[in-house]
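Contents: one structure, followed by commentary.
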Amino acid sequence: MNPIFTVASAGLVFKNFIFFKHTMISIRWGLLCVLLSFFSHFAFSQEAGESSSTSPTSGGSGGSGGSGGSAYGSSGAASPYSEPSAGLQSSETLGTNAPTVAPASISVPGGYGFIPQTFIPGVGRLAQPPYKVTLSFAQGYDDNIYTVPDHGLVERLPMPSARSVVIPKEGSWENNGSLGVQIRLADARSVFSLDASLGGTFYWHREGTQFDYNSDVALAYAHQFSPRLQMDAMASFTVAPQPDFANFNAPASAGSAGLVNSGEYFVGAIKLDLSYQWTPRFQTITTYSYGTLVYTNRFFRSGDYYENTIGNQFRFLLSPRLVAVAEYRYAYTLTDSPQNSSGSHFILGGFDYTLSRRLSATLRAGAELSEYQDGYSAASPFVETTLQYLYTRNSTLVWTNRYGFEPAGLDQTRQTSYRTGLTINHVITARVTANLGFNYDHFDTNNSPVGGILGQREDDFNVSLGATYTLNKSFSLNANYTFTDVLSSVAFTAYTRNRVFFGATYSF
């Protein structure tokens with residue numbers, strides 16, 4: 001099988017192919033079933049996986065880029081009762097692996113919204129038990145459960161009364177509970193990682209529905225057919241009732257739909273890669289990705305979108321630390337506003353740079369050219385970067401950035417966005433860890449030449465602080481505080497919000 005798609009033919013095929021909504025949903029679940037079917041490959045014992053541990057000297061290829069992904073994140077610090085997290089393992093790129101020797105680790109390329117990952121059997125997350133179940137409970141307080149402006153939200157009642165009422169800013173105590181499952185399986189040529197959770201939040205004082213459901217699934221799979229050929233897959237699925245500023249594809253409070261309280265939504269992303277090492281210096285990675293955002297509330301269905309992207313990276317090893325990358329992608333985005341559906345060409349260049357086994361960075365920069373079904377065309381710079389730093393043995397820092405077009409969801413509007421996120425996991429003592437998360441999102445939404453919607457601007461700030469105290473292998477205590485500040489040119493959509501939680505987690 002030739003892993004390179006001819007650039008010209010790929011663009012032509014995808015430009016003329018129409019993706020319908022129901023087809024997209026079938027593809028999404030079909031691909032997920034295919035990925036999960038690979039689980040059967042790991043019918044081996046835990047001892048076999050752990051005995052494959054080797055020194056962390058390779059991996060970390062791939063890069064940042066793409067518009068369809070939504071799984072930015074980083075591995076947390078290890079507890080004192082497990083092997084320390086492997087952190088950043090790469091001192092070389094995948095291109096330096098000898099074509100006749102199986103690598104000591106398995107690397108999953110990043111890009112399309114996913115962080116590059118390196119898995120080493122018996123080290124870090126793969127040193128923990130292959131199966132883990134967690135139960136979590138937290139008591140908290142939210143001072144703005146309706147995400148309304150600080151001075152209240154003015155709502156005009158329908159005719160015949162035609163009068164206005166003020167919805168005040170209200171707070172409520174709340175309880176959170178969740179059930180989580182973790183699976184980590186690996187051997188010398190394959191790795192499988194799954195994190196899934198199902199939970200909910202009960203508000204003591206909220207009119208209407210007092211209970212919100214939420215769920216998350218994140219998985220990674222990689223298999224090396226030979227030292228030259230590797231296939232891998234990453235996926236992320238989330239159902240949530242609240243904005244998630246750390247998720248680069250999740251809706252913002254006003255930027256994606258123009259209104260607050262959009263309600264429950266589903267956001268998902270899948271990325272499939274086929275990597276081939278042609279020579280010790282030249283490698284190609286062919287990628288297909290699928291991303292979607294779907295609102296449960298029918299009033300916000302104009303914000304739904306379904307995006308298919310295919311691309312090819314051409315990677316050349318300049319030095320043991322530096323890989324030059326040229327990349328082309330074609331994305332077709334289908335929205336519930338037909339005139340907003342578009343086809344986009346990405347012409348990108350960049351590099352993957354590994355300064356040391358502790359510090360690595362990726363850059364993709366270039367142009368995005370979009371053609372909309374209403375006949376309007378537009379161009380925008382496209383930039384996406386990732387910085388990963390292991391600044392102590394177990395403490396990690398991940399910084400991500402992205403700028404470019406983003407599906408707006410509103411009729412006859414075009415939206416550009418800049419999103420940045422910083423995540424720090426810091427080990428204070430053998431039992432105490434702390435984490436810091438900062439996210440900033442900026443949106444510019446403008447009407448098309450035939451549209452009648454005024455331009456809009458939004459800036460979202462979100463800061464999260466947390467700490468965990470590990471009592472023993474099974475039980476830990478945690479605390480978390482989150483502050484959100486949304487500034488918007490759309491009337492009655494700016495707000496501030498404070499949330500604080502104290503809880504406990506039991507694992508077995």
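The values are calculated or read from the model by the stated rules, or taken from the named source; none is laboratory data. This one's a predicted model, so the numbers in the text were calculated from it and none came from an experiment. Backbone-built Cβ (ideal geometry, glycine too); neighbour counts: all protein chains shown. All accessible areas refer to the heavy atoms of the entire protein, side chains included, with ligands and DNA or RNA removed. Shrake-Rupley method; radii C 1.70, N 1.55, O 1.52, S 1.80 Å.
Observations
- The fraction of Cα-Cα pairs per 10 angstrom bin, counted from 0 for the range 299-443, comes to 11, 30, 29, 20, 9, 1 percent, rounded to whole percents.
- Accessible-area order (highest first, 1.4 angstrom probe) of the listed residues Arg457, Arg357, Arg364: Arg457, Arg357, Arg364
- Projecting label points 7 angstrom from Cα along Cα→Cβ for Thr296 and Arg393 puts them 4.5 nm apart.
- From largest to smallest, the equivalent ellipsoid semi-axes obtained for the range 465-508 from the alpha-carbon gyration tensor read 35, 8, 7 Å.
- With the whole protein complex present, Thr423 retains an accessible surface near 50 Å², based on a 1.4 Å probe.
- Note on Glu170/Ser489: beta-carbon distance plugged into 1/(1 + (r/R0)^6) with R0 of 30 Å gives a FRET efficiency of 0.75.
- Solvent-accessible surface ranking, highest first, for His442, His205 at 1.4 angstrom: His205, His442
- Candidate residues Lys169, Lys271, Lys473: accessible-area rank, largest first, probe 1.4 Å: Lys473, Lys169, Lys271
- Of every Cα-Cα pair in the range 316-383, the percent that sits beyond 20 Å: 45
- The alpha-carbon positions of the range 108-151 define a convex hull whose volume is 181 Å³ per residue.
- Volume per residue that the Cα convex hull of the range 166-234 spans, once the total is divided by residue count, Å³: 121
- Heavy atoms of Ile285: accessible area, 1.4 Å probe, square angstrom to 10: 0
- The range 315-465, accessible surface, carbon-and-sulfur percent (1.4 angstrom probe): 64
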